[in-house]
Every structure is written in C-alpha cells, then in structure tokens.
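To keep things clear, I will list the structure first and then write my remarks on it.
The values are calculated or read from the model by the stated rules, or taken from the named source; none is laboratory data. Fair warning: this is a prediction, and the values are worked out from it, not measured in the lab. Cβ coordinates were reconstructed from backbone atoms using ideal geometry, including for glycine residues, and neighbour counts include every protein chain displayed.
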Amino acid sequence: MVRDIARRFVNPLDCRSIRGEDLSQFQFQPCDLPPAAEALRGEVRAFLDEAVAAYPPAGRARSWAGFDADFSRKLGERGWLGMTWPEPWGRSASALERYVVVEELLAAGAPVAAHWIAERQSGPLLLRFGTREQQERILPGIAAGETFFCIGMSEPDSGSDLASIRSRADKTDGGWVANGRKVWTT
Ligand SMILES: Cc1cc2nc3c(=O)[nH]c(=O)nc-3n(C[C@H](O)[C@H](O)[C@H](O)COP(=O)(O)OP(=O)(O)OC[C@H]3O[C@@H](n4cnc5c(N)ncnc54)[C@H](O)[C@@H]3O)c2cc1C
C-alpha cells in the first residue's frame, strides 16, 4: 500500500486521486527507545522544568522562533548541542538521544532559535564539506552554544533551485563584496 501511494506521488497531479482511506493505512506503532535515550529524557525534563519556567506562555508558544543566547549556552554546557557529531567536535551520541533532547525542547516551548540553524544545518554541512581549518574554527563554538548562524540561500526568484541564485561575491583588495537579494534569513 505504501509503495502504491509513493508511486502515485511521482506525478503531483495524481495526489488529488489519493483517498482518505488510503492514507489511513499508514501506521506508526509506538516503540521503546533504547535505555540510554530514555534515561536522558528525565535529565532534560528536569533541566527544562527550571530553565523554561521563567518564560511566559506566549514566549513558549514561539518555541523555535524564540532567541535566547544564554539558554543555548546552557545546552552547550550540558553537551546537548552537536551531541551526535564525532569526536573531537561532539561525543558520538546516537540520533535517538538527540531526538529525545529535541523532542523535549520543543514540547517545553524552549527558546532554541539562537543555536537552531547552526546546530541542525550549518554544523553538519561543515562536518561533511568544510576544511579542517573551518571545522576547528567554527564547530567548537556551535557545540558550546556560542556561535550562531543564519542561512541566506533563498532569493526572490530562487528557492529550491539553488543553482539559479544570482548573488555574487567578488574578490577585492582585502576581502569580498557580496551583492544580491535574499529572502528568508531565519
Ligand atoms: C519557515 C521557513 C524558514 C526558512 N528559512 C530559510 C532560511 O533561513 N534561509 C534560506 O535561505 N531559506 C529559508 N527558507 C526558504 C526555503 O528554503 C524555501 O522555501 C525553499 O528553498 C523552497 O523555495 P520556494 O519557497 O521558492 O519554492 P519553489 O522552489 O518555488 O517550489 C515550489 C514548489 O515546487 C516544488 N518544486 C520545486 N522544484 C521542483 C522540481 N525540480 N521538481 C518537482 N517539484 C519541484 C517544491 O517542492 C514546492 O512544492 C525558509 C522557508 C520556510 C518555510
């Protein structure tokens, strides 16, 4: 059934023919997480009970849009940023342990915006494609909750198709001049 639906999604126009009863065939069974991940949940909750208590409900509702550098630094001190990265940058924790930390942060409405893009996107990109010099200079700060990123890929006429971006960086004496238009710098 899942394969049938996936095949029909290949043509976007066919999405309209998928009926409600087809989608009801998807089943997500609850499962037990490994003990290390579940043990971590209690630790994260205890921390959040105190750390997030001061935020008013309106702030907690903003959750991943809430920016608080001190809060991000506290997560870094506990080793909860970059935790799945290999040593020396992280501590090679499992993806399910990170899942527990992120789930609890978002469930509590914690202000994660300061480190969110850096830890979730920019750090892993640097791990995969960065030079050793870039990794040494930037990754420790992300894991400590002290180095924050925003990403400026999207342009008014260029979203998914990043190869079509028109912004340029031209080398000048002593630096670069960047020219272009960007939208969506979260
Ligand atoms: C909450 C939020 C935060 C964001 N933050 C940032 C940010 O910080 N920095 C940043 O640079 N960008 C950011 N973006 C922008 C995001 O990266 C773009 O929305 C994304 O790149 C898609 O571009 P687009 O919206 O122009 O859609 P389009 O590229 O115009 O796509 C429109 C639709 O066409 C489909 N489509 C596109 N190309 C193809 C293809 N070749 N084949 C089949 N289908 C296709 C897409 O799946 C989509 O359904 C953010 C977006 C959101 C919603």
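What the table below lists for this structure:
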| quantity | calculated |
| --- | --- |
| Close pairs (8 angstrom Cβ cut-off, 6 or more residues apart or separate chains): within 17 Å of Thr186 (Cβ to Cβ) in the stretch 57-71, surrounded by fewer than 17 Cβ atoms within 10 Å (Cβ to Cβ) anywhere | Ser63/Leu106; Trp64/Leu106; Gly66/Gly59; Gly66/Arg60; Ala69/Glu146 |
| All helices (runs of 4 or more DSSP H) inside the stretch 82-173 with 2 or more residues being of a type in the set (Asp, Glu) and without any contact (Cβ under 8 Å) to a residue 40 or more places away in the chain | 132-143 |
| Hey, Glu133 closer than 30 Å to Ala54 by Cα and surrounded by fewer than 19 Cβ atoms within 10 Å (Cβ to Cβ) or not | no |
| Hey, Glu119 in the same structural domain as Ala53 (by TED's automatic domain parsing) and either touching a Pro at 6+ places or on another chain (Cβ under 6 Å) or closer than 16 Å to Gly79 by Cβ (or both) or not | yes |
| Within the stretch 138-186, tally of residues that are among the hydrophobic types (A, V, I, L, M, F, W, C), under 18 Å from the mean Cα position of the chain (by Cα) and away from the ligand (no atom under 11 Å from the Cβ) | 6 |
| Given (1) within 30 Å of Val44 (Cα to Cα); (2) among the small types (Gly, Ala, Ser); (3) touching a helix residue (DSSP H, G or I) at 6+ places or on another chain (Cβ under 7 Å), number of the condition Ser158 does not satisfy | (1) |
| Qualifying residue in the stretch 9-28 (condition: modelled with pLDDT of 85 or more and at negative phi) | no |
